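Student: Okay, here's the structure, questions in a sec.
No value in this document is a laboratory result; all are computed from the given coordinates. In this text the structure is predicted, and so the values were computed from the model without any measurement. Please note: Cβ atoms are built from the backbone with ideal geometry, for glycine as well, and neighbour counts cover all protein chains shown.
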Amino acid sequence: MVVTCAQAHNDKVQGAVAAEFAIKKLNIKKAATVHDGSPYAEQLAAVFAETFKKLGGTIMLRKPLVQAIRTCGQCSRDRYGQA
């Protein structure tokens, strides 16, 4: 009998690692998070944002994908006067 065991990191680990990578390796100071509304994605985005801010970054936008699209669309209309 062969038993295979793989360890998958959870959203808390992945979110923190992604934030640290963005700040420390990519030198990113501003970020936005969008998610699909699933509990996993919401937690991933929340942990990323929390860690990113603790490391000195600024979260510019944090919304579910549909709301982010609406927000960005409104920003474009406000900025460029497009209908």
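Student: Once you treat every alpha carbon in the range 7-61 as an equal point and sum by Debye, what is log10 I(q)/I(0) at q = 0.15, 0.23, 0.30 Å⁻¹?
Tutor: Relative scattering, expressed as log10 I(q)/I(0), comes to -0.37, -0.81, -1.18.
Student: Give the long-range amide H neighbours of His35: residues separated by 5 or more places, or on another chain, with amide H under 5 Å away, using H modelled in the peptide plane at 1.01 Å from N.
Tutor: For His35, whose amide H was placed from the backbone, the distant partners under 5 Å are Lys63, Leu65.
Student: Sticking with this one: Sorted by packing (mean other beta-carbon atoms within 10 Å per residue), highest first, where do 11-23, 31-43 land?
Tutor: 11-23, 31-43
Student: Next question, about the same structure. Excluding residues fewer than 8 places away in the same chain, name every one of the lysines whose C-alpha is closer than 17 Å to that of Lys12.
Tutor: Lys53, Lys54
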